[in-house]
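The values are calculated or read from the model by the stated rules, or taken from the named source; none is laboratory data. Remember, it's a predicted structure, so these values are computed and weren't measured experimentally. Every residue, glycine among them, receives a Cβ derived from its backbone with ideal geometry; neighbour counts consider all protein chains shown.
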Amino acid sequence: MDNTLKIVYDTIIEQNVIKKNTCVIAALSGGADSVCLLMMLSELQHDIGFELTAVHINHMIRGEESDRDEGFCRRLCEENDIALRVFHEDVPKAAASLGRSLEETAREIRYQRFREAAGENGIITTAHTLSDNAETVLLNLIRGTGLKGLCGIPQVRDNISRPLINITREQVEEYLESRGQSYVTDSTNLSDDYTRNKIRHLIIPQMKEINGGFYKSFSNSLKALRMENSFIEDKTSAALSEGKKEEGIDISCMEPVVMRRAVSRFLSENHLPVSFDNIRRICSLRDKDGRINIKKDTYIRGTNGVIFKEKNTPPSGDVEQWLLMGDNSIFDGRLLKAEMQSRMTADPHCCIDADKIQGELILRNRRFGDKVKLMGRDFTSSVKKLINEKIPPEKRSSLHFIADDLGIVFMEGFGIADRVKTDENTKRYLNISIDSKGEK
């Protein structure tokens, strides 16, 4: 057993989730990492005694290239006598209908199919490497993260195992070369247009030039960070257990670092947006009673240091629906059209960068207390004040608003929010237009 394969074998033993007679699903894209994962698992299958099946998802995103990848995976598994399941998923269509990014939609569908193939007791294996982990940590650092984000990709989460997490991409390629094993290359991985690829092709090489032992240093730092994170997680679990109330959690006596982690968990468990600002605002409720709007009609209330979630029942005059791609009608005689496209076709003030949307999109009328920071402005305005200054009284009740989990992203007559404006990196444009029914 060569050194790289031995590292992967030791990782599997350490993780202790892939055992004899376990049904193991290998996520197979056809790229170098996933082919390495499949071939290594095939080599180790007899020693450990698990059952191996490969799963390939044709996302139907890259046309002939996607079909090429599928064909390669079929031949690879046939040549090595490995069972293979293939799923065809029209991700672009699904993403457009949901109003989500291609990446987010593809990932969600992918793991749905992996879980389906694994069944109740199976283990899903993915080909994340030490190199992927370094990229993830740097990406989290650039976007802004706490300690948890700096811990990177977990080796094991639920029934998902990552056997290659302790070897680099270079080791993957050396292993494949030693076996004379080919693989396919996704053309998007060669481009520097995407943030992760910029980190991969530009930043990591510079770090390796500064420190030839970058990956070893990174791996050691990761172990230390995970130990400290585990300590805080244990403290948080204990604090949550002690502070649990029927209606929420008592954060009044928690240490600041534990309180922040507890609030983060509270938001996640209630399917609410987790962000630095949301956590900061909710933590402020420890010392003063109040209520914070966190998502559409959902609020976090603080009373005597106890926080809990509460819903507002919309007044009878409120109208709303999920934003649909195509025609939407919430006011008689008027249509709002939403179109997801690869270019801008509407006025810039009516075109949203779809990948900057947070959560689901709701089409609705105005709400009491609405505020928005419009494109090109460096301040937040009251919607009521904006409307009163510009819109005739008879038209105010039928203005279209589009909101995501963080608030308004489009306001008829005024344009889009600054945080969702398009820029040179925009790849998916959500174009908005409004017409009277029957007009072109």
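Quick notes on this structure:
- Test result for residue 243, over 27 Å from residue 68 (Cβ atoms), more than 24 Å from the chain's Cα centre (by Cα), surrounded by 11 or more Cβ atoms within 10 Å (Cβ to Cβ) and of a type outside the set (A, V, I, L, M, F, W, C): yes
- Pairing each residue of the stretch 129-150 that is farther than 26 Å from residue 262 by Cβ with any residue that is among the acidic types (Asp, Glu), provided the two are 6+ apart or on different chains, yields C-beta distances under 9 Å for 129/33; 131/33; 131/170; 132/33.
- Conditions (1) farther than 30 Å from residue 216 by Cβ; (2) buried (at least 16 other Cβ atoms within 10 Å of the Cβ); number of the one not met by residue 39: (1)
- Filter result (touching a residue at least 24 places away in the same chain (Cβ under 8 Å), in a loop (DSSP other than H, G, I, E, B) and either out of contact with any helix residue (DSSP H, G or I) (no Cβ under 6 Å at 6 or more places or on another chain) or of a type outside the set (Asp, Glu) (or both)) within the stretch 76-125: 80, 82, 90, 99, 100, 101, 119, 121, 122
- No other residue among 183, 215 is over 23 Å from the mean Cα position of the chain (by Cα), at pLDDT 90 or above, in a helix (DSSP H, G or I) and of a type in the set (Phe, Trp, Tyr) apart from 215.
- For the stretch 340-359, the condition of being exposed (fewer than 13 other Cβ atoms within 10 Å of the Cβ) and within 26 Å of the chain's Cα centre (by Cα) holds for at least one residue.
- Some residue of the stretch 318-326 being of a type in the set (Asp, Glu) and touching a residue at least 40 places away in the same chain (Cβ under 8 Å): yes
- Condition met for residue 198 (surrounded by 13 or more Cβ atoms within 10 Å (Cβ to Cβ) and either in contact (Cβ under 8 Å) with a residue 24 or more places away in the chain or part of a strand (DSSP E or B) (or both)): no
- Qualifying positions in the stretch 57-108 - aliphatic (A, V, I, L, M), buried (at least 17 other Cβ atoms within 10 Å of the Cβ) and over 20 Å from residue 184 (Cβ atoms): 94, 95, 96
- Filter pass, residue 366 being in contact (Cβ under 8 Å) with a residue 24 or more places away in the chain and over 27 Å from the mean Cα position of the chain (by Cα): yes
- The strands (runs of 3 or more DSSP E) found wholly in the stretch 308-422 include none carrying at least 3 residues that are modelled with pLDDT of 90 or more and aromatic (Phe, Trp, Tyr).
- Of all residues in the stretch 392-417, those satisfying the criterion of being closer than 19 Å to residue 369 by Cα and either basic (Lys, Arg) or surrounded by fewer than 17 Cβ atoms within 10 Å (Cβ to Cβ) (or both) are 393, 395, 396, 397, 398, 413.
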